[in-house]
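Working notes for the structure below.
Values quoted throughout were computed directly from the atomic coordinates according to the rules given, and no laboratory measurement underlies them. Owing to the predicted nature of the structure, the values given are computational and were not obtained by experimental measurement. Cβ sites come from the backbone with ideal geometry, for glycine too, and all protein chains shown count toward neighbours.
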Amino acid sequence: MTMTTWQAVATIAVVALGTMLTRFLPFLVFPESKRPPRVVEYLGSVLPYAMTGLLVVYSLKDVSLTSGSHGIPEAIAMLAIVLLHWWKRSMLLSIAGGTVLYMVLVQVVFV
Amino acid sequence: MRLRAFRAAFPLTAPIAAGFLFLGCSYGLLMHAKGFAFWYPVGMAFFIFAGSMEFVTVNLLLSAFNPVAAFLLALMVNARHLFYGLSMLGKLRNMGWKKPYLIFAMCDETFAINSGTRIPDDVDRGWFMLFVSMLNRWYWIAGTALGWLVGGLLPFSTRGIEFVLTALFLVIFLDQWMGTASGRAHVSGVIGVGATAACLALFGSSDFMIPSMALMLAVFLLLRRHLDETPSAPGGAGDDRGTTTAADAASDRAAADHGRMESDHAEVDHVESNHKAAVPRRDDERTAA
């Protein structure tokens with residue numbers, strides 16, 4: 001860790017604050033039951049899908065395609081997750097299966 | 001009263017217990033593997049209580065100190081909570097001292113149960129929702145603590161465990177994708193991946209999140225004419241929207257979203273809650289949780 005303990009505490013505090021703001025804000029902005037503007041409702045209906053997509057890419061941001069194992073273990077594990085999820089539709093099985101496969105790949109195959 | 005509410009709430013949280021213990025364990029394990037002390041994951045589980053954001057925070061803690069970026073990232077990653085809140089405005093009215101806690105602890109899974117479940121008439125709604133929130137929160141905290149503690153005792157290498165984050169997001173993405181027939185949902189998902197990947201390639205791995213969000217927002221506003229399925233007349237059902245909801249309410253989450261939002265607006269007038277739109281959504285959301 002490059003941060004000092006207090007920097008880490010401050011980081012955790014602002015993340016908690018930001019998270020709480022997203023949870024409390026609607027109740028502060030609409031204390032009674034004002035209907036939110038239409039554009040907000042529209043964004044609320046499309047953003048959840050896009051945000052998950054963003055998180056997938058975000059979690060892969062440090063994978064290098066030009067060096068190391070060229071992102072091959074990641075690609076194999078993700079493909080396995082897609083197939084597993086398509087086949088069984090079990091959230092836990094897909095997550096556990098993909099993660100274990102990835103760990104085996106980086107520890108045994110692509111060393 | 002409390003016992004009855006607990007008995008109604010507990011069985012509904014059982015699947016979440018399994019999921020949270022596993023994911024919490026992975027998170028605790030990851031924090032242990034990255035060299036963090038015990039209080040880090042447990043403190044983050046306690047104070048942040050937003051699974052994906054806690055995973056993201058692991059990376060933040062390993063990068064250079066930048067509280068402004070961390071704050072903005074928390075706002076963006078958790079932006080979906082804004083829409084949970086909008087949906088729960090009616091349900092959380094008159095909850096008194098329980099209300100702040102119910103809002104504080106409203107993660108995806110808790111929201112799914114509290115917004116979607118038909119609570120029996122003889123069960124106190126406030127206590128029911130409070131127990132759901134508390135149980136889910138403590139499953140997560142317990143899983144996190146357990147993962148960190150057990151992590152040190154494992155006889156094998158945990159190298160690669162961080163991939164559980166990618167796996168989690170990918171599976172939620174797939175679940176959203178397969179759970180709906182709505183073309184709009186698929187287009188939204190593709191925009192999310194495309195905009196972010198483009199910005200990652202363009203701006204590099206340390207500065208791409210804000211441009212990604214901005215690009216995404218711009219694209220959504222540009223395409224609003226094609227993607228917006230909300231009815232233009234307030235309270236009226238749009239034609240395409242109405243048919244999707246009727247045909248495939250259980251699997252089309254986007255349509256269910258609208259249904260729920262509308263049911264809550266209706267609730268404001270009628271006080272009596274409308275569960276028709278929300279009930280099929282619950283199982284869908286819970287498996288996704």
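What is the calculated FRET efficiency for A:Val40 to B:Arg118, with r their C-beta to C-beta distance and R₀ = 25 Å, to the nearest 0.05?
According to the calculation, E is roughly 0.35.
First check a/c for segment B:1-158, with a ≥ b ≥ c the square roots of the eigenvalues of its C-alpha gyration tensor; if it is under 1.5, answer rounded, and if not, answer prolate when a/b is larger than b/c or oblate otherwise.
Here segment B:1-158 falls in the oblate category.
What is the average number of partner chain Cβ atoms found within 10 Å of a Cβ in B:91-99?
Details: counts 0, 1, 4, 0, 0, 0, 0, 0, 1.
Per-residue shielding by partner chains comes out at 1.
Short version: ³J(HN,Hα) in whole Hz for each residue of segment A:88-96, in order, from phi by Karplus 6.51 cos²θ - 1.76 cosθ + 1.60 (θ = phi - 60°), x for Gly and Pro, what are they?
Coupling constants for segment A:88-96: 9, 6, 10, 3, 5, 4, 5, 5, 5 Hz.
What value, in deg cm²/dmol to 500, does the helix sum -39500 (n - 2.57) over DSSP H runs of n ≥ 4 give at 222 nm once divided by the residues of chain A?
My calculation for chain A gives -24000 deg cm²/dmol from helical runs alone.
What nm value, rounded to one decimal, do you get for the distance between A:Gln107 and A:Ala13 when each label is placed 7 Å out toward the C-beta?
3.9
Express in nm, to one decimal, how much length is gained between B:Val68 and B:Ala18 on full extension, taking 0.36 nm for each residue of separation and deducting their alpha carbon distance.
14.5 nm
Kindly provide the trypsin sites (Lys or Arg not before Pro) of segment A:58-111 that DSSP labels as loop, not H, G, I, E or B, and whose Cβ sees at most 16 other Cβ atoms within 10 Å.
For trypsin sites (Lys or Arg not before Pro) across segment A:58-111 that sit outside H, G, I, E and B with at most 16 neighbouring Cβ atoms in 10 Å, the list reads A:Lys61, A:Arg89.
For segment A:44-51, take each phi angle, set θ = phi - 60°, evaluate the Karplus expression 6.51 cos²θ - 1.76 cosθ + 1.60, and give the result in whole Hz per residue in order, putting x for glycine and proline.
Here the 3J(HN,Hα) series is x, 8, 9, 4, x, 5, 5, 5 Hz.
Could you give me the ³J(HN,Hα) list for segment B:131-142, computed from phi with Karplus coefficients 6.51, -1.76, 1.60 and θ = phi - 60°, whole Hz, x at Gly and Pro?
For segment B:131-142, the Karplus curve yields 5, 4, 5, 5, 4, 4, 5, 6, 4, 5, 5, 5 Hz.
Points 7 angstrom from Cα along the Cβ direction at A:Asp62 and A:Phe30: gap in nanometres?
My value for the distance between the label points is 3.9 nm.
Going by a ≥ b ≥ c, the root eigenvalues of the Cα gyration tensor, does chain A fall in the rounded group (a/c under 1.5), the prolate group (a/b larger than b/c) or the oblate group?
Note, shape of chain A comes out oblate.
Cut-off 17 Å, label point 7 angstrom out along Cα-to-Cβ of B:Phe46: give me the residues of segment B:142-174 whose amide nitrogen falls inside.
Counting only backbone N, you get B:142-149.
What dipole magnitude, in Debye to the nearest 20, does segment B:1-158 give about its Cα centre under +1 on Lys/Arg Cβ and -1 on Asp/Glu Cβ?
Approximately 380 debye in magnitude.
Work from the charge dipole of chain A (Cβ charges, +1 for Lys and Arg, -1 for Asp and Glu, about the Cα centre) and give the residue of A:Tyr42, A:Ser69, A:Val57 farthest towards its positive end.
In chain A, that residue is A:Tyr42.
Taking beta carbons within 10 Å but only from partner chains, what does the mean come to for residues B:191-204?
4
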